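Let me begin by presenting the structure, written as structure tokens, before commenting on it.
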Amino acid sequence: MELHSRVLGTLTQDHSFADWFVAESPIGMPFFDGLPLGVTFMDVEAGTEAAFTAEADEALEAFRRLTTTDRRAASTRIQQNYQEMLDASDLDPLDVDDDTPDSIWRYVHPTEVYVVRRPAHPGALDRDVYVQVDCNCDWEHEHGLQLVFRRGRMLTRVSDLDGHLTDADAYGTPDADDAGLREYAARFPA
């Protein structure tokens, strides 16, 4: 089975996961200076392929409108993740310039983009499509780093690669307690 995306062209069904569809070619991501990354649509429910693809394309287009300026604005959150890991471990500090917050990006290495709908569960107020960027990073070799963008518009979560799209999902808390979701709601009121 294949999906057709107006952004990516043809996506083919993954050999290991029947509900994953992989783009045939990487696509440049302006957020990362045009770095080409592979894209996978995940957890596509049977019978919803066309609707999911339309929403996934919208989220991917929104993410591709984010630029290095948006990346610089996110630097503080990435640096906070690094600092928390440094404080909780015996790692040697990286050469991060505290006066230049975007220097942290030298240590972040994006590997793949996943577009996925937030799963339904008690307390989840949205079923939006999220863009999740998986990265290797020099301070967390084992668990990496994930950057999650709600509807592709705004960074709403920075964490290790735990697969959760929101802190509310990760910690089993109400959406109202999730700072990223609150910030999104304030910036993009329904």
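The values are calculated or read from the model by the stated rules, or taken from the named source; none is laboratory data. If you're wondering where the values come from, they're calculated on a predicted model, not measured in any experiment. No Cβ is skipped: glycine too gets one built from the backbone with ideal geometry, and neighbour counts run over all protein chains shown.
Looking at this structure, is THR40 among the β-branched types (Val, Ile, Thr), assigned to a helix (DSSP H, G or I) and under 16 Å from PHE149 (Cβ atoms)?
In short, no.
Are there any pairs with C-beta distances below 9 angstrom linking a residue in region 52-67 that is within 17 Å of PHE32 (Cα to Cα) to a residue that is polar (S, T, N, Q), with the two at least 6 apart or on different chains, and if so which?
Matching pairs, first to second residue: LEU60/SER5.
In region 140-171, what residues are closer than 20 Å to ASP43 by Cα and among the small types (Gly, Ala, Ser)?
Of everything in region 140-171, those that are closer than 20 Å to ASP43 by Cα and among the small types (Gly, Ala, Ser) turn out to be GLY152, GLY163, ALA168, ALA170.
Name the pairs whose Cβ atoms lie under 7 Å apart, with the first residue in region 106-121 and more than 24 Å from LEU35 (Cα to Cα) and touching a residue at least 24 places away in the same chain (Cβ under 8 Å), the second part of a loop (DSSP other than H, G, I, E, B) and among the small types (Gly, Ala, Ser), and 6 or more positions between them or separate chains?
Pairs that qualify, where the first residue is more than 24 Å from LEU35 (Cα to Cα) and touching a residue at least 24 places away in the same chain (Cβ under 8 Å) and the partner is part of a loop (DSSP other than H, G, I, E, B) and among the small types (Gly, Ala, Ser), are ARG118/ALA124.
Go through region 114-134 and give me each residue that's touching a Pro at 6+ places or on another chain (Cβ under 6 Å) and either assigned to a strand (DSSP E or B) or surrounded by 19 or more Cβ atoms within 10 Å (Cβ to Cβ) (or both).
Within region 114-134, VAL133 is the sole residue that qualifies.
Across region 1-26, which residue is modelled with the lowest pLDDT among those that are aliphatic (A, V, I, L, M) and part of a loop (DSSP other than H, G, I, E, B)?
MET1
From the list ASP70, ASP134, pick out the single residue that is more than 26 Å from GLN13 (Cα to Cα) and among the acidic types (Asp, Glu).
ASP70
For residues in region 122-138 being in contact (Cβ under 8 Å) with a residue 12 or more places away in the chain and not hydrophobic (A, V, I, L, M, F, W, C), which is farthest from ALA74 (Cα to Cα)?
GLY123
Taking region 176-190, which residues are assigned to a helix (DSSP H, G or I) and either of a type in the set (Lys, Arg) or farther than 21 Å from GLN83 by Cα (or both)?
ALA176, ASP177, LEU181, ARG182, GLU183, TYR184, ALA185, ALA186, ARG187
Just for region 147-175: of the residues that are in contact (Cβ under 8 Å) with a residue 24 or more places away in the chain and part of a helix (DSSP H, G or I), which one is surrounded by the most Cβ atoms within 10 Å (Cβ to Cβ)?
Result: ALA168.
If you scan region 129-176, which residues turn out to be over 30 Å from ALA190 (Cβ atoms) and of a type in the set (Gly, Ala, Ser)?
GLY144, the sole residue that qualifies.
Say we look at region 44-87 and pick out the residues that are in a loop (DSSP other than H, G, I, E, B) and crowded, with 16+ Cβ neighbours inside 10 Å; which of these is farthest from the chain's Cα centre (by Cα)?
VAL44
For region 94-113, check the following and say yes or no: at least one residue is part of a helix (DSSP H, G or I), surrounded by 14 or more Cβ atoms within 10 Å (Cβ to Cβ) and under 15 Å from the mean Cα position of the chain (by Cα).
No: zero hits.
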